[in-house]
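Comments concern the structure below.
Each value in this text was obtained by applying a stated rule to the coordinates, not by laboratory testing. Remember, it's a predicted structure, so these values are computed and weren't measured experimentally. As a convention, Cβ positions derive from the backbone with ideal geometry for all residues, glycine included, and neighbour counts pool all protein chains shown.
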Amino acid sequence: MDEGRPISYMALTVGTDVLSSTGTAFGKVEHVLQVADLDLFDGIAVKTKHGPRFVDRDQITDITTTLVRCALTDDEAASLPAPQGTLVLHPDVARDEGPSLTARFGRLFGRQHWKEGD
């Protein structure tokens, strides 16, 4: 697997592979979490086959252009808890795809449509 080159958490893209300490991919980046007022990286929301999971910044060892490597073992990664709390909403970016006038205006003005999380 291409290790990529180191990047800031602010350049991390959705869909980047998230690996355990052994190099096993256990999910993909769904969202980067930060405390914007303090400019602090908080961690990442990871989309796994078991649903969304949270990886704390202290569990992340490397962020590159192609992957996020964690200090978690395979067993620890598999047993990450599901997020708790109120309903999670995600921007529905696919809504403005296509040639329709509505989709074009959505892309032009950057409207965000929300859908219920998985």
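Count neighbours as other Cβ atoms within 10 Å of each site's Cβ, and list the trypsin sites (Lys or Arg not before Pro) in the stretch 1-67 that are DSSP loop with at most 14 such neighbours.
Working: sites: 28, 47, 49, 53, 57; in loops: 49.
Those that pass, being in a loop and sparsely packed, are 49.
Multiply the residue gap between residue 42 and residue 7 by 0.36 nm, knock off their C-alpha separation, and tell me the result in nm, one decimal place.
Values: separation 35, 0.36 × 35 = 12.60 nm, distance 1.59 nm.
Full extension of this stretch gives 11.0 nm more.
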List the residues, sorted by chain then number, that are 5 or more residues from residue 66 or on another chain and whose placed amide H is less than 5 Å from its amide H. 5
Taking square-rooted eigenvalues a ≥ b ≥ c of the alpha carbon gyration tensor, is the stretch 1-82 rounded, prolate or oblate, where a/c under 1.5 means rounded and, failing that, a/b exceeding b/c means prolate? oblate
Inter-probe distance in nm under a simple model that places probes 7 Å from Cα toward Cβ, at residue 82 and residue 65: 3.7 nm
Under 15 Å from a point 7 Å along the Cα-to-Cβ line of residue 74: which residues of the stretch 16-32 have their amide N that close? 19-27
